[in-house]
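A short write-up of the structure that comes next.
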Amino acid sequence: QIIRSSIQRILQTNRGERVMQPEFGTTLNYRLFEPNDEILRMELKELLYKELAAQEPRIDIKTVSVVSNLTGDNEDGHEVLITLTFSIKSTGETATLRFLVEK
């Protein structure tokens, strides 16, 4: 649960938002203002692999899925659903985290 919370904290924090930790977090929220197309989703996958590998050394990332969340409440398409599968290095346990990111 602690590692899940850490991953969520990384994803929810804008890069540069934390005092004394300018590299913590991601640019994920800023990217949601770009057109939500396949290119953006591929770039977000790469971003998540890179940032989580650098900022959460306790996990090995297995898969990252980024899909548009086009529901009735989100007609502009500025939401993505992230599904992250990872293993915890110390125990070998595999876990999945689903996370909705919206502008």
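Per-structure values
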item	result
With Cα atoms, 0 to 90° folded angle of helix 2-12 axis to the chain main axis	30 degrees
Segments 90-96, 32-38 sorted - mean Cβ within 10 Å per residue, highest first	32-38, 90-96
Ellipticity estimate at 222 nm from DSSP helix runs (n ≥ 4, -39,500 (n - 2.57)) divided over the chain, nearest 500	-9500 deg cm²/dmol
Per-residue ³J(HN,Hα) for region 13-28, Karplus 6.51 cos²θ - 1.76 cosθ + 1.60, θ = phi - 60°, Hz, x for Gly and Pro	9, 6, 3, x, 6, 8, 5, 6, 9, x, 8, 6, x, 9, 9, 3
Gyration tensor (alpha-carbon) shape descriptor, region 1-75, a/c threshold 1.5	prolate
Cβ crowding within 10 Å averaged over residues, with 13-21, 44-52 ranked highest first	44-52, 13-21
Helix axis angle, 38-55 relative to the chain longest principal axis, alpha carbon, degrees	20 degrees
Charge dipole (region 1-90, unit charges on Cβ, about Cα centre) - positive-most of V66, A54, L32	A54
Computed magnitude of the charge dipole of the chain (debye, nearest 20; Cβ of K, R +1, Cβ of D, E -1)	540 debye
Bridge type composition, the chain - antiparallel percent by DSSP, nearest 5	95 percent
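The numbers here are math on the coordinates, done by the rules we state, and not lab data. Only a predicted model underlies this, so the values are computations on that prediction, with no experimental measurement involved. Heads up, the Cβs are rebuilt from the backbone with ideal geometry, glycines too, and the neighbour counts pull from every protein chain shown.
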